[in-house]
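Chemist: Right, I'll just put the structure down here and ask away after.
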Amino acid sequence: MATTNDLKNGTTLKLDGGELWNVVEFQHVKPGKGGAFVRTKLKNVTSGKVVDKTFNAGAKVEVANVDRREMQYLYNDGESYIFMDTDTYDQVEVPAKVVGNSADYLLESATITVAINEGVPLYVELPPAVEVEISETGPGVQGDRSTGGTKSATIETGAVIQVPLFITTGERVKVDTRTGDYLGRVN
């Protein structure tokens, strides 16, 4: 147990009958009248739902023990993704539902962070950007437009992103893993 004074961004709380919530934002508020309180924005670890919740200052909250480990992605067996702990070499199965959209930017032997609570994988964290190869894209056709155009391109993981017209098949590009945006070429 901890108090609301111990809250930090990234802390995982166990609330409402055992559901896990990550603290996205928090703010200690001390109004001129009345007692102080803590205003938080919480994100549900399993569903991704974001809610605002207010606690009285000093109130007791249960902090979940979440183990965040660096792991190396090995392969996908069809139903789940297999990761290897880089310290102990133990292999961990993470269900496809937990990996979610992160699979679009998951490259073999990439090192990522896997969060585990009581032996259950909660979520995976990719680096902010990855370097991938364009496996297929059409030719860049110039038309009459006033701004730079984009075209669809398939990257080596099978995901489709938007790239500028000058990008060709076989080039390596940098992609933002949070938004899927093209960030630039890689030399």
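The values are calculated or read from the model by the stated rules, or taken from the named source; none is laboratory data. Note that the coordinates shown come from a computational prediction; the quantities given were computed from them, not determined experimentally. Every residue, glycine among them, receives a Cβ derived from its backbone with ideal geometry; neighbour counts consider all protein chains shown. Calculation scope for accessible area: heavy atoms of the full protein, side chains included, ligands and nucleic acids excluded. Shrake-Rupley method; radii C 1.70, N 1.55, O 1.52, S 1.80 Å.
Chemist: Of everything in segment 45-80 that's of a type in the set (S, T, Y) and under 26 Å from G18 (Cα atoms), which residue is least open to solvent (accessible area, probe 1.4 Å)?
Modeler: Of the residues in segment 45-80, the ones of a type in the set (S, T, Y) are 46-47, 54, 73, 75, 80.
When the remaining residues are screened for being under 26 Å from G18 (Cα atoms), the result is 46-47, 54, 80.
Details: T46: 116, S47: 81, T54: 85, S80: 9 Å².
For segment 45-80, the residue satisfying everything is S80.
Chemist: Among what's in segment 1-24 and is in a loop (DSSP other than H, G, I, E, B) and of a type in the set (S, T, N, Q), pick the residue that is surrounded by the most Cβ atoms within 10 Å (Cβ to Cβ).
Modeler: T11
Chemist: Ok, one more. Report every pair of residues separated by at least 6 positions or lying on different chains whose Cβ atoms are under 8 Å apart, first residue within segment 19-36 and more than 30 Å from E125 (Cα to Cα), second surrounded by 12 or more Cβ atoms within 10 Å (Cβ to Cβ) and basic (K, R).
Modeler: Final answer for the pair search is V29/R39.
Chemist: Could you please find all residues in segment 95-108 being in contact (Cβ under 8 Å) with a residue 24 or more places away in the chain and closer than 17 Å to A129 by Cβ?
Modeler: S102, A103, D104, Y105, L106, L107
Chemist: Same structure, new question: So, of the residues in segment 81-94 that are in contact (Cβ under 8 Å) with a residue 24 or more places away in the chain and among the aromatic types (F, W, Y), which turns out to be least open to solvent (accessible area, probe 1.4 Å)?
Modeler: Selected residue: F83.
Chemist: Of the numbered conditions (1) open to solvent by 90 Å² or more (accessible area, probe 1.4 Å); (2) on the phi < 0 side of the Ramachandran plot, E118 fails exactly one; give the number of that condition.
Modeler: Looking at each condition in turn, E118 falls short on (2).
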